[in-house]
Structure formats: structure tokens, C-alpha cells
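Engineer: Here you go, one structure.
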Amino acid sequence: MGKRTLVSSWKQYQKLSQSYINKPDQKDEIITKLDNLTEKINGDNIGNALFTLFVKPFVGKCKLVDFSNEHSDRIPNWQTKYDEDAFKISIHPLSIFNFIETVKHIEVPDKSVNFIGCRNSSLLVEISKLPSTYILFLMVLQRVAFLLQIAHLEKRGGIIEVAEDESYHTMLWAFKELEAFAKKTYGINIRVHYGISWYEAEWITGK
């Protein structure tokens, strides 16, 4: 068996996660396999590649990125989270692949009725065109954006106000960082390469 890499590890997660989602009668068996895979991947420090590429340049207080298979009766509703005591970002692959499947069937609200919901859903629809590895990168970068508080605004008197729809703003920041990374590393324009049509200037307000 060749040396385990981030890409090969993610392919293993994808195969098991899709089986979990599509074969409910085999969930217990698949969870055991996911537990074993997560233990091996964390033992090999695979998350260090994500830390070096996407976290270290922005967040000095974070020291580690690892993978999690935390579970109960259902898939958790978080894809990444930050542990302030351990200075660690954890990634939940099963939750990310569940998110990918969910976005494929997302219903976009009417723009004139629900502008914020329409804007966020429309962005997710475009992002769903990316391969799952890039969506993994996006999720890590979005967690970085939350930690940087890029959607927090300081008002007069030192009052901190969170911009409306923080999830949208952090995802948009992550997407822009991913664009720069793909251009520098692979020499590709991901909007052109994957047919992503997104012009944020059109979504400043609902007017």
C-alpha cells in the first residue's frame, strides 16, 4: 500500500461516507470503518497539510487540524469546528459529504421575497459544482473566516455588530481565497474551469 496522502485519504472518506448516506442498513458497519480510518489518518497527521496551506497563514492561535468521526444517532450539523482549549480545528468528513448531497437538492427562495436566503442558497448551488476536495478546502477556509471574524463590524463606542448572514460572508471570503489558491497552485481559474457563475456585485442588496 502506498503512502497515505490527503487526496487518497479524502477519496476513502468519500467512498465510506457515500455508502453511509445511501445504505442505511449498513450504518453501524460503516461507522466502524470510518472510526478506524479517522484514527489512522490522524495518526499520520494528514490534517497538517490543510493546516499548513489554509490555517497557519491566517490564524496564529490555531496549532492543529485533524479529522473527526463524532457521531450519535444522526450526522452532526457541523462540518468544521474550533476547540479553543486545544487550539484545534476539527473536520467532520461525513458531515461534509452529507452537506454536498443536501446542496444538490437545495431549493432557492424567490429573490423578491427572501433576498438573504436566495443569495446564500444561490452561492451554495454554484459551489456545489466544485469537486469534493475543493469543498473540503472551502470548509476549512470558512472556519478560518469565522475565527478571523471577517463579518464582525466595530461600531461607534466599540460595539461589535455581526453582519447579516455571517455564513454567506464567510463562505464568500473562503471562495475568494480558494480562487487565489487554485490559480497559484494549479494555474486554473475555478470559475471558468467548473462553470461557476457568481458575481458578488449583483448581490450587495436586494434592490
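The values are calculated or read from the model by the stated rules, or taken from the named source; none is laboratory data. Everything quoted here is computed from the prediction, not taken from an experiment. Quick reminder, even Gly has a Cβ in these numbers, built from the backbone with ideal geometry, and neighbours come from all protein chains shown.
Here's the yes/no breakdown for (1) crowded, with 18+ Cβ neighbours inside 10 Å; (2) among the β-branched types (Val, Ile, Thr); (3) assigned to a helix (DSSP H, G or I):
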| residue | (1), (2), (3) |
| --- | --- |
| SER8 | no, no, yes |
| ILE21 | no, yes, yes |
| ILE30 | yes, yes, yes |
| LYS33 | no, no, yes |
| ALA49 | no, no, yes |
| GLU101 | no, no, yes |
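Engineer: Of the numbered conditions (1) farther than 18 Å from MET139 by Cα; (2) within 20 Å of the chain's Cα centre (by Cα); (3) among the aromatic types (Phe, Trp, Tyr); (4) surrounded by fewer than 18 Cβ atoms within 10 Å (Cβ to Cβ), PHE115 fails exactly one; give the number of that condition.
Structural biologist: With respect to (1) farther than 18 Å from MET139 by Cα; (2) within 20 Å of the chain's Cα centre (by Cα); (3) among the aromatic types (Phe, Trp, Tyr); (4) surrounded by fewer than 18 Cβ atoms within 10 Å (Cβ to Cβ), PHE115 is out only on (2).
Engineer: Still on this structure, I have one more. Checking HIS105 against (1) over 15 Å from the mean Cα position of the chain (by Cα); (2) within 14 Å of VAL140 (Cα to Cα): exactly one of these is not met. Which one?
Structural biologist: Only one criterion is unmet by HIS105, namely (2).
Engineer: I'm checking my understanding of the structure. Among residues of the range 1-35 that are within 19 Å of LEU53 (Cβ to Cβ) and polar (S, T, N, Q), which one is nearest to the chain's Cα centre (by Cα)? Steps first, answer last, please.
Structural biologist: Residues of the range 1-35 within 19 Å of LEU53 (Cβ to Cβ): 3-11, 13.
Now restrict to residues that are polar (S, T, N, Q): 5, 8-9.
On the way: THR5: 19, SER8: 18, SER9: 16 Å.
If we take residues in the range 1-35 being within 19 Å of LEU53 (Cβ to Cβ) and polar (S, T, N, Q), then SER9 is nearest to the chain's Cα centre (by Cα).
Engineer: Please enumerate the residues belonging to the range 106-150 that are among the β-branched types (Val, Ile, Thr) and closer than 20 Å to VAL192 by Cβ. Break it down into steps so the answer makes sense when it comes.
Structural biologist: Initially, the range 106-150 is screened for residues among the β-branched types (Val, Ile, Thr), giving 106, 108, 113, 116, 125, 127, 133, 135, 140, 144, 150.
Once the filter is applied, which keeps residues that are among the β-branched types (Val, Ile, Thr) and closer than 20 Å to VAL192 by Cβ, the range 106-150 yields VAL125, ILE127, THR133, ILE135.
Engineer: Which number in (1) closer than 24 Å to VAL7 by Cβ; (2) in the same structural domain as TRP173 (by TED's automatic domain parsing); (3) in contact with a Ser or Thr (Cβ under 9 Å, 6 or more places away or on another chain); (4) of a type in the set (S, T, N, Q) marks the one condition that ASN120 misses?
Structural biologist: Every listed condition holds for ASN120 apart from (1).
Engineer: Which one is surrounded by the fewest Cβ atoms within 10 Å (Cβ to Cβ) among residues in the range 125-150 that are under 10 Å from the mean Cα position of the chain (by Cα) and hydroxyl-bearing (Ser, Thr, Tyr)?
Structural biologist: Once the filter is applied, the top-ranked residue is THR133.
Engineer: Sticking with this structure for a sec: I'm told SER72 meets every condition in (1) within 19 Å of ALA145 (Cα to Cα); (2) in a loop (DSSP other than H, G, I, E, B) except one. Can you identify the failing condition by its number?
Structural biologist: Exception for SER72: condition (1).
Engineer: Taking the residues in the range 103-112 that are in contact (Cβ under 8 Å) with a residue 24 or more places away in the chain and within 24 Å of LYS81 (Cα to Cα) as candidates, determine which candidate is surrounded by the most Cβ atoms within 10 Å (Cβ to Cβ).
Structural biologist: VAL103
Engineer: Among the residues of the range 35-47, write down those that are under 14 Å from GLU70 (Cβ atoms), touching a residue at least 24 places away in the same chain (Cβ under 8 Å) and loosely packed, with under 15 Cβ neighbours inside 10 Å.
Structural biologist: ASP35
Engineer: Quick check: is even one residue across the range 42-51 acidic (Asp, Glu), closer than 15 Å to SER95 by Cβ and modelled with pLDDT of 95 or more?
Structural biologist: Taking every residue of the range 42-51 in turn, none turns out to be acidic (Asp, Glu), closer than 15 Å to SER95 by Cβ and modelled with pLDDT of 95 or more.
Engineer: Might you let me know whether the range 89-97 holds any residue that is surrounded by fewer than 15 Cβ atoms within 10 Å (Cβ to Cβ) and either assigned to a loop (DSSP other than H, G, I, E, B) or modelled with pLDDT of 95 or more (or both)?
Structural biologist: No, the conditions are met nowhere in the range 89-97.
Engineer: I would also like to ask the following. Do we have SER17 as farther than 23 Å from THR170 by Cβ and either in the same structural domain as PHE146 (by TED's automatic domain parsing) or in a loop (DSSP other than H, G, I, E, B) (or both) here?
Structural biologist: Against the criterion (farther than 23 Å from THR170 by Cβ and either in the same structural domain as PHE146 (by TED's automatic domain parsing) or in a loop (DSSP other than H, G, I, E, B) (or both)), SER17 does not qualify.
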